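So the structure is just underneath, and the comments pick up after that.
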Amino acid sequence: MSNTINDPKDTRSLQTIDGNHAAAHVAYAYSEAAAIFPITPSSPMAELCDQWAGAGKLNIWGQTMTIAQMQSEAGAAGAVHGALAAGALATTFTASQGLLLMVPNLYRIAGELLPGVIHVAARSIATHALSIFGDHSDVYACRQTGCAIFACGSVQETMDLSPVSHLAAIEGRIPFLNFFDGFRTSHELQKIKVWDYETLKSMLSMESVQRFREECLHPSHGKVYGSAQNPDIFFQAREASNPAYIALPAIVEKQLDKINQAIGTNYGLFDYYGNPSATHVIVAMGSICETVREYLETVPDRPYGLIAVHLYRPFSAKHLKAALPPSTKQISVLSRTKEPGAPGEPLFLDVAAALQGMPCRILSGRYGLSSKDTTPEQIAAIYLNQTLSDFTVGIEDDVTNLSLPIPRIADTAPAELTACKFWGLGGDGTVSATKNIIKIIGDHTDLQAQGYFEYDSKKSRGLTISHLRFGKSPIHSAYLVRHADLVACHNPVYLHKYDMVQDLKDGGTFLLNCYFKEKELEEYLPDAVKAYLANHHIRFCVIDAIRIGKEIGLNNKISTILQAAFFAVSGLLPSEEAKRLMKEAAAKSYGKSGGNILRMNEEAIDRGFQAVREIPLPEAWKHLPDDSASSDNPPLPDRPEMLSFVKNIQQPVTDQRGDSLPVSAFLPYADGFTPPGSAAHERRNVATEIPVWKPENCIQCNRCSFVCPHAVI
């Protein structure tokens, strides 16, 4: 495992981008054509390539990429197959069911030894329910297609290692699935080092490209593909591709050597990290490796280690054995998927087969399905496990009793790290504002920056939580912020719905956007919030961004005001410098939209810095009851089957307490069924203003009944 930020040999430029951007940057360089179809969370890769092509950006061939948007993922894979057969280097981007729709074409592309690359933001497959969030069930479902499968564990690794898939595909004549975790990596912003296209071009074997061109379909040397074969020869022809797969690990290793020489890293097919005399080793792939690495840095004397898998298919037993410390006695193999009825998850079965005969115990674990957060505490539990050979972490399994008990451990993130958490309303601009904060700090300071964003499936008007970290050390915390230096609440209604100030460290800062004056504010705040603020010495700051937005003319577009307020209270940048950088960014974003929009945003920046005020905490607040906040829940339904669902499932999920529900709570709903009519009992209660009917002004046009989202008529 490597992070190249501080390596003096790595002279690449720094940019603050996400994993999708990193993969698209490399894919655009090496590809002449892309057939695309949007699916969350991979869509930004295709969108970026389309934007770059439209802007005339040149790839390493001195051309703009040819983009074709198809009508389905199956069509996109078919178009890639056709382009490759015709001699064009082609790519596409997908996830989840979209990748499954490509499976028939993947068999053909692999069977015909065509060097395509598909970039996958790995995501859950819909089973008992749809989930748009991340795990590895989609890429595992493709392991039998003949495609090579290559894993990247972070935004920096996605940038560093995506070239390997393109280079090895061309030289090895095998298509690659280049994957990284959906959302956790695809949408995570990080300050990383970025390849220039000249370096990428220098690593490509033009002889291999020429061989690929010469062997493809052409009028001067015609070939027939798609024939049918009988039992007498099909088996032999299928085995004839063995030499290509046998040679591929060495070819991938050769491409990794090029990467390592260029940027001073030490990437391999399997990267080992930890105690060189480890007795217990975790084997995993994807972003969890970053969290394991962070935990191991806090316990260097314990006999623990990690093997991060990059080349998953073809699986090289030789390279795995070489990476494993001779002292190993126990291996915990972690898979981010579930295959019901199997004797173990896919990666476990591969490791067990590769290491058969070796004197070590091999355990199978599941984690992180559908973007379930995987924390350092869970990693500690895995290393402590000596009893369960098949286990889960991150949930409470009180049915089959496979979950591990979670120990309490010290914070594993570097002490100098600044962690921030922003609670916003979908569509209010909170996510955009926090992304701008990350880019300003990442691009204009020597601090490392990370941003990750939780989205409600309801999207607009649903809950968003932005998790930001800043520090001088590389950031490996691939999990949610739990102990924050600053928490910002952009919707005051949330104080009565969710526990949020409880995430603050002692002496932290709480920034609240609200329209209450000090006396009204004291009456509005829940007692639990006031008690926590006072007893933990929290600096309490407020701003009325809603009023300021109306006065300026931005109305509900208050993200710029709140962004300025953050800089005013956080101290991460001097105020004048933060103002200047924000106004430069505003000029870049709104300069072409007309002077009035730019003027309003510049005024929003100034007002955001000026209007923040700190509220002194009365001594009496320390003695208030500190029970956690509870939602203003609607009346429970009368129907018994719905009462159980609303009370035991729906309401805890609405209150952001779904992570605490045990497996037994879902036994009545294991088939994914939801009682009809239950949506009527979900009340978001997130409006900061409620419309009121004024009969003296009413002309009975009835338009309000069509447009009023609160149904007040």
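Only protein heavy atoms count here; on that basis, with a 1.4 Å probe, HIS483 has an accessible area of about 90 Å².
Geometric descriptor of segment 532-669, per residue, is 215 Å³ (volume of the convex hull of the Cα atoms). Put the Cα centre of segment 66-108 next to the Cα centre of segment 388-433 and the gap is 36 Å.
When the residues TRP52, TRP693 are ordered by accessible surface, computed with a 1.4 Å probe over the protein chains alone, the sequence from largest down reads TRP693, TRP52.
Take the Cα of LYS505, step 7 Å toward its Cβ, do the same at LEU402, and the gap between the two points is 3.7 nm.
For the chain, what's the relative contact order in percent, using C-alpha pairs closer than 8 Å and at least 6 residues apart? Worked out over the chain, it gives 10 percent.
Counting only DSSP beta bridges with both residues in the chain, tell me the antiparallel percent, nearest 5.
40 percent
Name the trypsin sites (Lys or Arg not before Pro) in segment 497-530 that are in a loop by DSSP and that have at most 14 other C-beta atoms within 10 Å, would you? The qualifying sites are LYS517.
Could you work out the per residue convex hull volume over the alpha carbons of the chain, in cubic angstrom?
With only Cα atoms used, the chain gives 201 Å³ per residue.
Going 7 Å from the Cα of SER432 along its beta-carbon direction, which residues of segment 544-559 have the amide nitrogen within less than 19 Å of the resulting point? Those under the cut-off are 545-559.
Taking the convex hull of the Cα atoms, report for segment 443-563 its projected area averaged over all directions, in nm².
9.2 nm²
The longest part of the chain holding none of the exposed loop GluC sites (Glu not before Pro), meaning those outside H, G, I, E and B in DSSP with at most 12 other Cβ atoms within 10 Å, is 1-415.
Looking at segment 191-236, the chymotrypsin sites (Phe, Trp or Tyr not before Pro) that sit in a DSSP loop and have at most 12 other Cβ atoms within 10 Å of their own Cβ are TYR225. Backbone N atoms of segment 73-108 closer than 19 Å to the 7 Å Cα→Cβ label point of ALA228 belong to residues 108.
Under the criterion of Cα pairs below 8 Å and six or more residues apart, the relative contact order for segment 7-129 equals 27 percent. Working note: 222 nm ellipticity from helices only, DSSP H runs with n ≥ 4, each -39,500 (n - 2.57), summed and divided by the residues of the chain, gives -10500 deg cm²/dmol to the nearest 500. Relative to its residue count, segment 150-278 spans a Cα convex hull of 195 Å³ per residue. Against the compact-protein benchmark of 2.2 N^0.38 Å, the Cα-based radius of gyration of segment 291-428 scales to 1.18.
In a fully extended conformation the segment linking ASN266 and GLU339 would gain 23.0 nm over its present Cα-Cα distance, using 0.36 nm per residue.
How many angstrom lie between the Cα centre of segment 491-509 and the Cα centre of segment 312-362? Cα centres, segment 491-509 to segment 312-362: 43 Å. Rounded to the nearest 5, the antiparallel percentage of DSSP beta bridges internal to segment 227-360 is 35%. Accessible surface area normalised per residue over segment 178-269 is 52 Å², counting heavy atoms of protein chains with a 1.4 Å rolling probe.
Does segment 1-141 come out rounded, prolate or oblate, given a ≥ b ≥ c as the square roots of the eigenvalues of its C-alpha gyration tensor, rounded meaning a/c under 1.5 and, failing that, prolate meaning a/b above b/c? Note, shape of segment 1-141 comes out oblate. Between the alpha-carbon centres of segment 116-186 and segment 528-586 there is a gap of 39 Å.
Using the Cα gyration tensor of segment 277-318, with a ≥ b ≥ c the square roots of its eigenvalues, what is the shape: rounded (a/c below 1.5), prolate (a/b larger than b/c) or oblate (neither)? Oblate.
Shown here is the pair-distance distribution of segment 223-328: with all Cα-Cα distances grouped in 10 Å bins from zero up to the longest one, the shares run 13, 33, 27, 14, 10, 4, 0 percent.
Across segment 106-186, the relative contact order, built from alpha-carbon pairs under 8 Å that are at least six residues apart, equals 45 percent. In segment 66-189, the ratio of gyration radius to Kirkwood radius, Rg to Rh, stands at 0.95 when only Cα atoms are counted.
Computed from label points 7 Å out along Cα-Cβ, the spacing between LYS57 and GLU614 is 4.4 nm. Given axes a ≥ b ≥ c from the Cα gyration tensor, I'd like to know whether segment 119-167 is rounded (a/c under 1.5), prolate (a/b larger than b/c) or oblate. In terms of gyration-tensor shape, oblate. Residue ranges 259-266, 24-31, 658-665 sort as 24-31, 259-266, 658-665 when ordered by packing (mean number of other C-beta atoms within 10 Å per residue, highest first).
Each distinct pair of alpha carbons in segment 46-112 adds a 1/r term; the inverse of their mean, the Kirkwood radius, is 12.8 Å.
The values are calculated or read from the model by the stated rules, or taken from the named source; none is laboratory data. This structure is a prediction, so every number in the text was calculated from the model and none was measured. Neighbour counts are summed over all protein chains in view; Cβ atoms, including those assigned to glycine, are modelled from backbone coordinates with ideal geometry. Ligands, DNA and RNA are excluded from the accessible area calculation, which covers all protein heavy atoms including side chains. Shrake-Rupley method; radii C 1.70, N 1.55, O 1.52, S 1.80 Å.
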